[in-house]
Every structure is written in structure tokens, then in C-alpha cells.
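The values are calculated or read from the model by the stated rules, or taken from the named source; none is laboratory data. Note that the coordinates shown come from a computational prediction; the quantities given were computed from them, not determined experimentally. A quick note on method: Cβ atoms are made from the backbone with ideal geometry, for glycine too, and the neighbour counts reach across all protein chains shown. Just so you know, the surface numbers come from the protein's heavy atoms only, side chains and all, with ligands and any DNA or RNA stripped out. Shrake-Rupley method; radii C 1.70, N 1.55, O 1.52, S 1.80 Å.
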Amino acid sequence: STTPVKVAVTGAAGQIGYSLLFRIASGSLFGPDTPVELRLLEITPALKALEGVVMELDDCAFPTLAGVQIGDDARTVFDGVNHALLVGARPRGPGMERGDLLEANGGIFAPQGKALNDVAADDIRITVTGNPANTNALIAMSNAPDIPTERFSALTRLDHNRAISQLSAKLGVPVTEIKKMTIWGNHSATQYPDLFNAEVGGRNAAEAVGDQDWLANTFIPTVAKRGAAIIEARGASSAASAASATVDHARTWAQGTAEGDWVSMAVRSDGSYGVQEGIISSFPVTVTDGQWSIVQGLEINEFSRTRIDATVAELVEERDAVKALGLI
Ligand code: NAI
């Protein structure tokens, strides 16, 4: 197709944006034959820095980049967009309570949800990377009554990729041997990376590991606390890997999952696996023709049940908090 796909990115002058924009513009999302038009949203004080990033995009002379528009007004930037990657968010400042954080982000994601509702293309697909990603997606979704709820998602693909990488290193197998990884729940320290339903070279991953102590006391905390470990080592939060996972997520949504595999996406729960209906929680999903569906019929053992319940309880608390604030 020669009609450019319009992709909105918010927080485009930030760290993740500095990697993400170049990946999208170079064709990582839709391939070398699909032109892309970038629509970049920032807050007013960051527009000058964003102009600098756009100069660099120009200087790459990417064949797939059909155009770039920048601005600080969501209704203008989101006009007619097919994909919205909502990266810009309010980070937790010193002394900020969780309620303050949720409220500050509500002030971003409620108006952005409304703007998408009013001006985005009919096939709009929304991915929230900015934290707290699941609840920010819930806020945006709740403020966009005309967009089908299945068009909203939050990013847990970075956690998914981290889990694959850790397992690959532990077993000394290439990442391509690992299938059916699942992150359940919230993109937070309570997330549950599930090896009991994953496969390594066709074999059950938990059995291939054969070390419940490693699974419970090394693997899970390493994946769940990887973000903090990156900050500790790099002096800044994960950005290139978060951008790469955002590309993976949006590409899978557009192009589908491979036969015999699935991915993790945080999507609106329909009550599957006892996850309270209506919250945005990470599930194993397959994607066909641009539509995700939650993989059904997986066995959830007692170990998994406890951990899924804990991460879901956190999401329900976040949901109740934003409800009390009138954000949803
Ligand atoms: P950053 O602070 O470098 O950039 C964020 C940008 O968002 C800033 O340029 C800021 O001006 C902009 N922004 C703030 N409010 C905005 C608004 N209302 N509209 C448009 N832009 C706005 O942060 P970074 O490192 O790029 O991370 C972005 C977000 O992604 C953070 O919330 C971070 O916690 C989250 N994150 C999520 C991950 C995930 O796996 N879901 C992984 C890593 C980061």
C-alpha cells in the first residue's frame, strides 16, 4: 500500500522517543514497503527539543518516512491517526504518593483518550507505554466511549522479552527456541512471568529448568525488578529496550502472532482466568487479522494462581483509586 500509515507518538522528545521514532521511521513497524507518517505530541516546553529530533529524522533520509508533524495539541496531532503509541507520562516525583501519581497521569490520559475518541481514524489502535501503563490505558479507554475497548492495550512486551532473555541465558538456548511466554497482570513489580505454560524447544519450560528455587527466587524477581536494575546500572531508565518492545507490540498487533506461539499484551479483561472484568491486565494473546484474543484453556497451578491473584489485586486497587478520583 502507498497510503502512509499515520502513527502518533506522545512524549516524543523523551528518552524512549529518541529510539522509537528512528525505529518506526526506518520501517521496523510495517516493513520497507509501507510509508509512515509520524505525528509527534509533546508538552509546549519540549517542542524545541523535539524540533531537534525531527532535524535528525530528516538527516536520516529514511525512504519509508513520508512526513512528520509535531505539536502540543492532542486533537490536532491525533487527527486521522491509525496507531497511537502513548509514551509520554508523568513520572513519580520525590514525595509523590500513588494517588498523586494516578491523578497527574489522569490529567494526561483522560484528555488524550477524549481526543483520540473524537479525531483518530476508525481503525485506531492504542498502545500505552507510559507508566503506570495498565491504569493509564484504562483511563484513556474510559474516556473514549466511541472506540471499541479492544483497541486499547498497555505494554508488557518488555517484561515478556526480558523473561525470554533470562530463560535463554539460564538454559543456554537461543531465544528463538522459546515460545509461549506469558506475563500476567500489571507492568509493575507484582507482574507474574509464567514458565509453567512456556516452552523451550517444544518442551515445558518449568520442567526444562527443573529448579523451582531458581524459578521462584531468581527468575521471577530478576524479570520483575529489571527496570530498577537498569536504572542502577545506567543511571537512567530503560529506553532503547522499551522502544524495541513497543515496536514489537505494535507490529505483532498489526501483523499477527506466529503459528504455535503467543505474546503478552495488557488488554481489557473479559473475566478470563478469574481476572476481574474491565481492568487492563496482561494475558497470553494470539493475534489474527489485527484482532487479539486471550489464549484459553491454560492450566493455572496453585503457585501461578497466588501470583496472578496478587498482581490483579494491585490492578483492582489502582482501578478503584482512579474511580474515586473521577478519572474513569
Ligand atoms: P522521559 O521523561 O525521557 O520522556 C517522557 C516525555 O513525555 C517527556 O519528553 C515529556 O515532556 C513528555 N510528556 C509529558 N507529558 C506529556 C503530555 N501530556 N503529552 C505529551 N508528552 C508528554 O521518559 P521515558 O524514559 O521516555 O519514558 C516514558 C514513559 O515510559 C515513562 O512513564 C516510563 O516509566 C515508561 N516506561 C514504560 C515501560 C514499559 O515497559 N511499559 C518501560 C520503560 C519506561
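This table checks each residue for (1) part of a strand (DSSP E or B); (2) within 13 Å of the ligand (Cβ to nearest atom); (3) of a type in the set (D, E); (4) open to solvent by less than 30 Å² (accessible area, probe 1.4 Å).
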residue: R75; (1), (2), (3), (4): no, yes, no, no
residue: D79; (1), (2), (3), (4): no, no, yes, no
residue: R90; (1), (2), (3), (4): no, yes, no, no
residue: G95; (1), (2), (3), (4): no, no, no, no
residue: G106; (1), (2), (3), (4): no, yes, no, yes
residue: A110; (1), (2), (3), (4): no, yes, no, yes
residue: L116; (1), (2), (3), (4): no, yes, no, yes
residue: A121; (1), (2), (3), (4): no, no, no, yes
Which pairs have Cβ atoms under 6 Å, sit 6 or more apart or on different chains, and link a residue in the stretch 305-326 that is touching a residue at least 60 places away in the same chain (Cβ under 8 Å) to one that is in a helix (DSSP H, G or I) and open to solvent by 70 Å² or more (accessible area, probe 1.4 Å)?
L325/E103
Looking at (1) more than 16 Å from Y192 (Cα to Cα); (2) surrounded by fewer than 16 Cβ atoms within 10 Å (Cβ to Cβ); (3) out of contact with any strand residue (DSSP E or B) (no Cβ under 6 Å at 6 or more places or on another chain), which is the one condition that is false for N217?
(1)
Does T10 fit the bill of being buried (at least 18 other Cβ atoms within 10 Å of the Cβ), near the ligand (Cβ under 10 Å from one of its atoms) and hydroxyl-bearing (S, T, Y)?
yes
Within the stretch 283-328, which residues are open to solvent by 60 Å² or more (accessible area, probe 1.4 Å) and in a helix (DSSP H, G or I)?
E302, R305, T306, R307, D309, E317, D320, K323, A324
Can you tell me which condition I24 does not meet? The list is (1) under 21 Å from A245 (Cβ atoms); (2) more than 13 Å from the ligand (Cβ to nearest atom); (3) not in a helix (DSSP H, G or I), and all the others hold.
(3)
Being within 10 Å of the ligand (Cβ to nearest atom), farther than 10 Å from L155 by Cα and among the hydroxyl-bearing types (S, T, Y) is the filter here; which residues of the stretch 235-251 pass it?
S237, S238, S241
Give me a count of the residues in the stretch 154-192 that are aliphatic (A, V, I, L, M), within 18 Å of F303 (Cα to Cα) and crowded, with 17+ Cβ neighbours inside 10 Å.
3
